[in-house]
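A short write-up of the structure that comes next.
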Amino acid sequence: MDEYQGVARRTWRRTAVIVAVGLIVGGTSGWLVSLGESTVTTVFTTTGFAFSLGGIAGAFSVMATSFRIAMKMQAPMQGLPRPERQMIGRAIKTGVPIEPAGSELGWRAFDKARFMAVYQPLALGQFLLLYLGIIGPQLPLLIRDDGLSVWIGRVLCSLLVVAAAVVTPLLLRSSHRARRYVRVASTSS
């Protein structure tokens, strides 16, 4: 698993650079587009362009790695009947290793938890960056005089913020449970 943790670390380093470049290029483009406008319009346009380009570029950077790890994450569950898959899911959720420690099912649960511990933070980052990229183009619409575009932008931004507020704790909790299972299963075997 050290291989995949290393891949995840490299992905985060690469994504940080890509997001920073995207924010700078997007912000500069937004500023150039809004030259001559009011200060508020310039700020919202610059911020919107920066969020849009930085968020989308970062999400695509994480996407390739997260898809690859997601495919590997399915391998420990292949060929198992539904009750055993559910047993593995419950064991990871509760943090209680499957007994006996060296059994095939125990090893599969351990592998699944290790992949989840790497995948969940990547999925959360991808999710949040994608939402940032979607919210970005809506920011300049929030201050327009056109009533329809303002309301569409407000509703979309509100829905995305609420979705992020709901999903983020769920993914963080899942990641924490997977790391806890790996820690507990490592010490018990």
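Place a label point 7 angstrom from the Cα of Asp146 along the Cα-to-Cβ direction, then list the residues of region 40-82 whose backbone nitrogen is under 18 Å away.
41-42, 44-46, 48-49
For the chain, list the DSSP H helices whose alpha carbon atoms reach 15 Å or more along the long axis and whose average Kyte-Doolittle value is 1.0 or above?
39-73
Considering only the other residues whose Cβ falls under 13 Å of the Cβ of Arg144, what net charge follows from Lys and Arg at +1 and Asp and Glu at -1?
Summing Lys and Arg as +1 and Asp and Glu as -1 gives -2.
Report, to the nearest whole %, how much of the accessible area of region 87-189 belongs to carbon and sulfur atoms, 1.4 Å probe, protein only.
67
Using +1 at the C-beta of Lys and Arg and -1 at the C-beta of Asp and Glu, which of Ile18, Met77, Ser52 has the Cα lying farthest in the positive direction of the dipole of region 1-151?
Highest projection toward the positive end goes to Met77.
Please work out the Cα center distance from region 14-43 to region 92-121, rounded to the nearest Å.
First find each Cα centre; the distance between them is then 44 Å.
Given a 10 angstrom Cα cut-off, can you work out which residue in Trp31, Trp151, Trp107 is the most mobile in a GNM of the chain?
Taking springs between Cα atoms under 10 Å, the residue moving most is Trp151.
Once Rh for the chain is found with the Kirkwood sum over Cα pairs, what is the Stokes-Einstein diffusion coefficient at 37 °C and 0.692 mPa s, in µm²/s?
Diffusion coefficient, whole number: 176 µm²/s.
For region 8-79, max minus min Cα coordinate along each principal axis, in Å, sorted largest first?
63, 21, 13
Mind grabbing the accessible area of Met71 for me, 1.4 Å probe, Å², rounded to tens?
140
From the helices alone, meaning DSSP H stretches of at least four residues, give me the mean residue ellipticity at 222 nm for the chain, per-run term -39500 (n - 2.57), in deg cm²/dmol to the nearest 500.
After summing the helix terms and dividing by residue count, I get -29500 deg cm²/dmol.
Keeping every protein chain in place, order Tyr4, Tyr181, Tyr119 by accessible area at 1.4 Å, biggest value first, i.e. largest first.
Result, largest first: Tyr119, Tyr4, Tyr181.
Over the chain, with the other protein chains present, what is the accessible area per residue in square angstrom, probe 1.4 angstrom?
56
Determine the order of Lys93, Lys72, Lys112 by accessible area, beginning with the largest, at a probe radius of 1.4 Å.
Highest to lowest solvent-accessible surface, that is Lys93, Lys72, Lys112.
The values are calculated or read from the model by the stated rules, or taken from the named source; none is laboratory data. What you see is a predicted model, and the numbers here were worked out from it, not measured in a lab. Positions of Cβ are generated from backbone atoms using ideal geometry, with glycine treated the same way; all protein chains shown enter the neighbour counts. Quick note on the areas: whole protein, heavy atoms, side chains included, nothing else; ligands and nucleic acids left out. Shrake-Rupley method; radii C 1.70, N 1.55, O 1.52, S 1.80 Å.
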